[in-house]
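Chemist: Structure incoming, see below.
The values are calculated or read from the model by the stated rules, or taken from the named source; none is laboratory data. No experiment lies behind these values; they were computed from the predicted model shown. So basically every Cβ, Gly included, is an ideal-geometry build from the backbone, and we count neighbours across all protein chains shown.
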Amino acid sequence: MIDRIFIETKLSYIQAYYQELENVLGYSDQEIKGDILKLRALERIIQLIVDEIIDINNHIIRYAQLQVPEDFQSAFLILAENKILPEGFARRMAPMVGLRNRLVHRYEKVDVEILLDAIRKNKYDFKQYVKHMLEYLR
């Protein structure tokens, strides 16, 4: 059985992290790139948001007894196939897991310019994710 309180708690964390993200993004790209603490804060906030999303996705997949995903990225597509997330949105969100992995595990050097551009362009997807999940819970 899906635990609504678990998901709602995770969604509230995402909303709090999103506000922190907005605070850091209030600085210019030059300020963020020039201050290692701001840059690391940005990286960590993205990791925290994506970790919460992964937890929610996995919880829904497990307790709604959906197909087990091959990886965390494909979990978005499984949610889309089951009409929990819109397909286009799920496809747009899935790469955030790869970004999170690169930040956390340092698989490859992350270009800060590309990182900042991607976050500024796609930050609203985090708010949309919360909206979609709240609609799902209704």
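Chemist: Condition first: among the small types (Gly, Ala, Ser) and buried (at least 16 other Cβ atoms within 10 Å of the Cβ). Can you find one or more residues in the range 95-117 that meet it?
Modeler: Scanning the range 95-117 turns up no residue that is among the small types (Gly, Ala, Ser) and buried (at least 16 other Cβ atoms within 10 Å of the Cβ).
Chemist: Could you run through the range 1-28 and say how many residues are within 17 Å of residue 137 (Cα to Cα), of a type in the set (A, V, I, L, M, F, W, C) and either touching a residue at least 40 places away in the same chain (Cβ under 8 Å) or in contact with a Gly (Cβ under 9 Å, 6 or more places away or on another chain) (or both)?
Modeler: 6
Chemist: Oh, and also: Taking the residues in the range 45-87 that are of a type in the set (D, E, K, R) and modelled with pLDDT of 95 or more as candidates, determine which candidate is surrounded by the most Cβ atoms within 10 Å (Cβ to Cβ).
Modeler: Restricting to residues being of a type in the set (D, E, K, R) and modelled with pLDDT of 95 or more, the top hit is 52.
Chemist: Of the residues that make up the range 29-39, is at least one of a type outside the set (Phe, Trp, Tyr), without any contact (Cβ under 8 Å) to a residue 12 or more places away in the chain, over 22 Å from residue 102 (Cβ atoms) and in a helix (DSSP H, G or I)?
Modeler: Looking for residues that are of a type outside the set (Phe, Trp, Tyr), without any contact (Cβ under 8 Å) to a residue 12 or more places away in the chain, over 22 Å from residue 102 (Cβ atoms) and in a helix (DSSP H, G or I), one finds at least one in the range 29-39, hence yes.
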